[in-house]
Amino acid sequence: MLRAVSLRVTRPRVAVLDAVMSAPHADADTIIGTVRSELGSVSKQAVYDVLAALVAAGLVRRIEPQGSPARFETRVGDNHHHVVCRHCGDIADVDCALGEAPCLHASNSHGFSIDEAEVIYWGTCPDCAAKRLLTEQDSTITRSDK
């Protein structure tokens with residue numbers, strides 16, 4: 001993959017790419033931890049530099065949900081979107097919302113030639129919804145015991 005985009009194959013690049021592939025939507029700190037467990041000592045800056053090179057080469061996509069650190073994934077080129085849990089920050093892929101890329105047709109393109117749309121859906125993931133339900137049930141039981 002690296003050679004196909006004219007990047008030199010180095011241990012840090014391979015390790016970072018493997019880390020992103022194995023944990024889609026991981027943030028840089030998670031990727032740094034994974035790379036360090038594989039390679040031993042590697043600087044944060046080296047990992048950030050590799051991530052920047054992979055993003056620039058189109059091998060990795062950087063997403064930046066509001067209020068969250070940048071996340072990285074190897075699913076590129078298909079203009080998919082994301083759903084983010086407001087409570088735990090979990091992220092999942094959502095395929096194109098409607099039609100073909102760019103998925104959403106702007107009501108007014110203002111003369112731009114649109115080739116991509118970025119949509120982030122926000123909500124509550126199933127795990128957080130279940131925890132909330134349990135908390136509400138516990139609260140109801142506690143009040144009824146009084």
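The values are calculated or read from the model by the stated rules, or taken from the named source; none is laboratory data. Because the structure is a prediction, the values reported are computed rather than measured. Don't worry about glycine lacking a Cβ; one is built from the backbone with ideal geometry, like all the others, and counts go over all protein chains shown.
Structure values in brief
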{"read-out": "Every pair of residues 6+ apart whose Cβ atoms lie under 6 Å, when the first sits in the range 61-78 and is at pLDDT below 90 while the second is outside any strand (DSSP E or B) and small (Gly, Ala, Ser)", "value": "SER68/GLY89"}
{"read-out": "Filter result for SER22 (free of Cβ contacts under 8 Å to residues at least 60 places away in the same chain, surrounded by fewer than 16 Cβ atoms within 10 Å (Cβ to Cβ), more than 27 Å from VAL119 (Cβ to Cβ) and not assigned by TED's automatic domain parsing to the domain that holds GLY89)", "value": "no"}
{"read-out": "Considering residues of the range 116-146 that are of a type in the set (S, T, N, Q) and assigned to a helix (DSSP H, G or I) only, the residue modelled with the highest pLDDT", "value": "THR135"}
{"read-out": "Odd one out for SER113 among (1) in a loop (DSSP other than H, G, I, E, B); (2) surrounded by fewer than 11 Cβ atoms within 10 Å (Cβ to Cβ); (3) in the same structural domain as VAL5 (by TED's automatic domain parsing)", "value": "(3)"}
